[in-house]
């Protein structure tokens, strides 16, 4: 069965800025979804900020294997309740791909537990991405490096926890470097951050960028059914302990009581 | 100079429960602080939930090298603003030691980006902690394993990200295991989670437990001055790029404009 | 296409010890291979120490997607040349599953760069494996814990580098714990260590153990073609630098010279 | 007490090449040791390839807290026995700092379990190192980036396991990037790889480079006494099991027998 993927787009620049609208007439999210749908193993649809529940109602998330996230100007408009819902979906096994300015999205900051900040410059300079993890599934089919002739610069230090794996590191014409492809696990969910994708450049039309995102969707897919009650902390009564034990000493909780949270 | 340490205690059980008050007549936080102050390299004071700003005003946190956190019944009463303040202090370089039921504290969940849940049983059973990272600074001076004759059980799966290092793993009489000592980095701050410490047992009077916490304080200490503006994302204008570049192509932001967050 | 898997068995105990021969009349390797072949996505064959080149000639390794390794009494008889060949295959993208006493195999020690030692006891005691990484692909379809009524004890500290992920932790009846399922990357190759499997017990007939190994084979499979010249360190002459630069200052090497190794 | 540090230098280029001898008249190792001795917390001496046992007899290693390693032209001349001795010292708690072309030293490859290869160019181009881990102890006192006007280029992919922490990433004028500062643990020993230091440039006279190495020595220092018998795998007889158990089922080993290795 194809991997059910939702590409979430903020969809603000495309509506307000002629340059962006010119490059992405159907929106950045649609461009990305089209690139994913070119692979028979993926079925991608889109969701946007403006839809009810930002296009991410409970029922839809439950049937989403991988979520791709692009946001920038309206991070603050994403409702906290939806952010928490997405976080729980990730912990339960949904994959998450965070793109470019999504580094400052509520969901990415929520999952990283870190500031996720960086330095930046919008000068249309050259970016060259180097594969630092040879033949990583996310880099499958890529050359050892590839270039984006015009991109926004993101520079280190990138305020994220040390990743599980560093897949890409970027070189910028103006003298900076950036860890551009980073993998994480949060609960049962795999998370990938991928740097490129400034809205005023045609980055998501680039074949290598599209290949990375397709690979990342496959890498992030968890075939297990979603974890149930992913935040629960169940009590295991003495009577059902796996090894026979006898209760000893004082205790705070009464039998059958919930723990504090 | 001694490591300036603040032991934060929720201080609720000690006020309400005779068993806890009997074991910790001056409060758990004071017991822990006393154990830290037995080391000339550490100067420990205490802070509690009930104090203004929970005893953690900006000025005090700025002069705190390491914060030790114990909470349980009143996690929800800790103000979000203080949690965010502590998180920024950690990112800036303050060390953080989270104890036992602090796994469900707002600050730990905030920094982990994960549910931090587990299974539990309050039966006074035997716990045996095994050192899994030989001669780790946090295990310095410990035997290869040590026992707590009565403890609450915490069982896997522990809902945290894979750690930087696993320092202890616990064996429980009733048949469970738990990763009891885990290290993390969040920004410039070192974070250590240490499992033992149920309020109805004399765990913080145990010499090995006290040694672990003293070691952890030293391990978590960052000698560098605190990072300034730890969440800022500065623009680097073309004019001051380290390598000469010329601006090309369209851009979204005007010169001098702040980035979106 | 099915994942081409080779199960390597030392095949010594089965020939010398009646108990082992009784449990595994066709050898432990055949029992494991049969368990793998029950999955249509895997095609498993076997190789043993006694075959020429230990059953691992260059051509066969080149067509092996995942190698499963069980050894114990004859680690020292495995030729260094074959060990190096397997290491290069792993770096190039072949998956490797190391079982039980394989912790002391030359190949595992070679890839870990660490002593890989532990404590042990052969008393037929109960082992209970806990899943510490919920819904990890290697734990897919397993319950939250499962038991092996009789197993050899392996105890911490386990002398390996901190893993990428800890998937299982074992509880032992005699009071020890062990990190029983650990993932690593070495080059393009994924490596999984799985603890159970003492030769005098019917462990590899256990349905849960078989499921773990099947899952691990799928997890370790890298769909990319093997990395070529995986240890080479190519010179990039000035003339073909991606950004135009002019050679400056003294140099040690002449044009076209190889680097030192 | 000061940290007892040995700077190991291959000492070949300095004897054969006038350029190198001109920059480092007393040898690169002496230049580095002098830089370390400028810190009252460090006592550094030197050892070279040409000395008996390469200057690293058992007794000396036993009193070495941190070893710094620079080698290039004569990696193959380092005796395997000494390499193994150093590896065991690291596992036991000795810190190890590997510099520049030491990426291909036997000891670094031994500890990494990986090819440790890279691409390279000797063109005297500009290198700019970015701190990717803010206020990491190894970066203490450094600016956010610093430059070496002439250095050899090392390019990704760097064939090492994903590190515990990435402290520096380098930008090169010719278009490459490199993870220039990486931390690892191997047993009780902390390992740091630091990229700069080509022999035909005055890199080890650079104040920032010297500061990094001083910081790294302090970071790698383990105050615990050395682990004894670091590779042993002791049997734990049933009679002394921590929890009472009764031996069951068949076993392979006789009482008191050593395990296989």
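The values are calculated or read from the model by the stated rules, or taken from the named source; none is laboratory data. None of these values were measured; they are calculated from a predicted model. Neighbour counts run over all protein chains shown; Cβ positions are idealised from the backbone, glycine included.
Descriptive notes on the structure:
- Scanning region C:57-79 for residues that are surrounded by 16 or more Cβ atoms within 10 Å (Cβ to Cβ) and within 19 Å of residue C:104 (Cα to Cα) yields a total of 9.
- Candidates A:159, A:189, filtered to the one that is more than 27 Å from residue A:14 (Cα to Cα), facing another protein chain (nearest Cβ under 7 Å) and buried (at least 22 other Cβ atoms within 10 Å of the Cβ): A:159
- The condition of being surrounded by fewer than 24 Cβ atoms within 10 Å (Cβ to Cβ) and either touching a strand residue (DSSP E or B) at 6+ places or on another chain (Cβ under 7 Å) or modelled with pLDDT under 95 (or both) does not hold for residue D:141.
- Condition check for residue A:112: at the interface with another protein chain (Cβ under 7 Å from one of its Cβ atoms) and buried (at least 23 other Cβ atoms within 10 Å of the Cβ): yes
- Filter result (closer than 17 Å to residue B:114 by Cα and facing chain B (nearest Cβ under 9 Å)) within region A:60-89: A:87, A:88
- Test for residue A:122: is it in a strand (DSSP E or B), in contact with a strand residue (DSSP E or B) (Cβ under 6 Å, 6 or more places away or on another chain) and in contact (Cβ under 8 Å) with a residue 60 or more places away in the chain: yes
- The one condition in (1) more than 7 Å from chain A (Cβ to nearest Cβ); (2) closer than 22 Å to residue D:165 by Cα; (3) crowded, with 21+ Cβ neighbours inside 10 Å that residue B:221 fails to fulfil: (3)
- Taken over region A:144-156, residues that are in contact (Cβ under 8 Å) with a residue 60 or more places away in the chain and either under 13 Å from residue A:183 (Cβ atoms) or away from chain B (no Cβ under 14 Å) (or both) amount to 1.
- The listed residues are B:169, B:131, and the only one of them that is surrounded by fewer than 24 Cβ atoms within 10 Å (Cβ to Cβ), over 25 Å from residue D:134 (Cβ atoms) and away from chain A (no Cβ under 14 Å) turns out to be B:131.
- Looking only at region C:7-20, residues that are surrounded by fewer than 15 Cβ atoms within 10 Å (Cβ to Cβ) and in contact with a helix residue (DSSP H, G or I) (Cβ under 8 Å, 6 or more places away or on another chain) come to 1 in all.
- Qualifying residue in region B:228-244 (condition: more than 7 Å from chain A (Cβ to nearest Cβ), in contact with a helix residue (DSSP H, G or I) (Cβ under 6 Å, 6 or more places away or on another chain) and touching a residue at least 60 places away in the same chain (Cβ under 8 Å)): no
- Failed item, numbered, when residue B:185 is tested on (1) more than 16 Å from the chain's Cα centre (by Cα); (2) over 23 Å from residue A:232 (Cα atoms): (1)
- For region A:247-261, taking the residues that are more than 7 Å from chain B (Cβ to nearest Cβ) and surrounded by 11 or more Cβ atoms within 10 Å (Cβ to Cβ), the one that is nearest to the chain's Cα centre (by Cα) is identified as A:257.
- Residues of region A:195-211 satisfying the condition of being touching a residue at least 40 places away in the same chain (Cβ under 8 Å) and away from every other protein chain (no Cβ under 14 Å): A:196, A:204, A:205, A:206, A:208, A:209, A:210
- Test: residue in region B:92-108 that is surrounded by fewer than 24 Cβ atoms within 10 Å (Cβ to Cβ), away from chain A (no Cβ under 12 Å) and over 24 Å from residue B:20 (Cβ atoms): yes
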